[in-house]
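See structure below.
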Amino acid sequence: MKITGLTKRYKDTLALDNLSVEFEEGKTTAILGESGAGKTTLLNAIAGLIRYEGTIEGAGSVSYLFQDSRLLPHMTAEENINFVLKKGDRGIGAAEMLARVGLKGKEKRYPRELSGGEQRRVAIARALLFPHEALLMDEPFSSLDLSLKRDLLSLVAELCAERKETVVFVTHDVREAALASSRAVVLKGGKIAGEVPIPAPYPRDFFTRYPEEEALEKILIDGRGEAQ
Ligand code: ADP
């Protein structure tokens, strides 16, 4: 996916300022930035939800994973997923995917009969099975308790690597970027302040501090680093 000269203006706010960036196919790229940096605006532009200046090539269809689970309350876990599958879809089915996210035996439960963490797992399974070329994640781990964050971060990183997903992962958390992306691009004031490749293989260790985290923190705080 190639983005060139992307600009988005809301009245007097320049949310994205002539932004150019490429996202590698089959890899997860983190978009790291503080509140107001333009992260959600970038995702919305990729998803075609807003008007913008500039070009976005190769985005194709997208699937979205949000901060809240957004399950349909009157459908079971399995129905929530079957609902997004098209007839004739190949590959993994709803039951198999639910097992993969740790919900074997809970396929027939309604969202109200699942814990918050289990609802998240259904949302992850659904986002992965919704037909798409790119997966957009908007802070899906931000509001989670630490142990659940650890479990779901590693689950999503593992599934995305295994399924060769092309992912744009928005987060304000350097740790999350280090644990679940191959490259982190720092966004500041609608511009790229720098970027850092994160070559460590998956699965990554929640209790390891990766060397790239310091570089990313410096770019976030001082704007230093090699902008490109
Ligand atoms: P982030 O996701 O990094 O927190 P956003 O993309 O939500 O940042 O916002 C970037 C900037 O654009 C902010 O200054 C925000 O106030 C502004 N903005 C976002 N959406 C709108 C909108 N619908 N109307 C006006 N300003 C907006």
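The values are calculated or read from the model by the stated rules, or taken from the named source; none is laboratory data. All values derive from a computational prediction rather than experimental measurement. Cβ placement follows ideal geometry from the backbone for every residue including glycine, while neighbour counts extend to all protein chains displayed. Quick note on the areas: whole protein, heavy atoms, side chains included, nothing else; ligands and nucleic acids left out. Shrake-Rupley method; radii C 1.70, N 1.55, O 1.52, S 1.80 Å.
Which residues among the range 178-208 fall inside the zone where the amide N is under 14 Å from a point 7 Å beyond the Cα of LYS164, along Cα→Cβ? Under cut-off, by backbone N: nothing.
For the range 1-98, just say rounded, prolate or oblate: build the C-alpha gyration tensor, square-root its eigenvalues into a ≥ b ≥ c, call rounded for a/c under 1.5, and beyond that prolate if a/b exceeds b/c, oblate if not. Judged from the Cα gyration tensor, the range 1-98 comes out prolate (a/c at least 1.5, a/b above b/c). Based on protein heavy atoms only, the chain ends up with 50 Å² per residue of surface accessible to a 1.4 Å probe.
Counting only Cβ charges, +1 for Lys and Arg and -1 for Asp and Glu, the dipole size of the chain around its Cα centre is about 600 debye.
Based on alpha-carbon atoms, the Kirkwood radius and the radius of gyration of the chain give Rg/Rh equal to 0.97.
Between HIS74 and PHE206, take the C-beta separation as r, use R0 = 41 Å, and let me know the FRET efficiency to the nearest 0.05. The pair HIS74/PHE206 has a calculated efficiency of 0.70.
Under the simplified labelling scheme, the HIS172-ILE50 pair shows an inter-label distance of 1.6 nm, with each label point 7 Å from Cα along Cα→Cβ. Residues in the range 46-77 near a label at SER143, defined as backbone nitrogen under 18 Å from the 7 Å Cα→Cβ point? Backbone N within reach: 64-73.
Label positions at PHE66 and GLU214, each projected 7 Å from the Cα along the C-beta direction, are separated by 4.0 nm. Comparing THR208, THR171, THR41 in a Gaussian network model of the chain (Cα springs below 10 Å), the most mobile by mean-square fluctuation is THR208.
Against the globular-protein guess of 2.2 N^0.38 Å, express the Cα radius of gyration of the range 177-223 as a ratio, rounded to two decimals.
1.16
For the peptides 11-22, 126-137, the ranking by packing is 126-137, 11-22, with the highest mean count of neighbouring Cβ atoms within 10 Å listed first. Loop-located trypsin sites (Lys or Arg not before Pro) in the range 143-212 (DSSP state not H, G, I, E or B) with no more than 16 neighbouring Cβ atoms inside 10 Å: ARG163, LYS164, ARG209. Of the solvent-accessible surface of the range 61-132, computed with a 1.4 Å probe and all protein chains present, 51% belongs to carbon and sulfur.
Each Lys and Arg adds +1 at its Cβ and each Asp and Glu adds -1 at its Cβ; summed about the Cα centre, the range 22-130 shows a dipole of about 520 debye.
Per-residue extension of 0.36 nm, minus the Cα-Cα distance of ARG150 and GLU133, leaves a gain of 3.5 nm for this segment.
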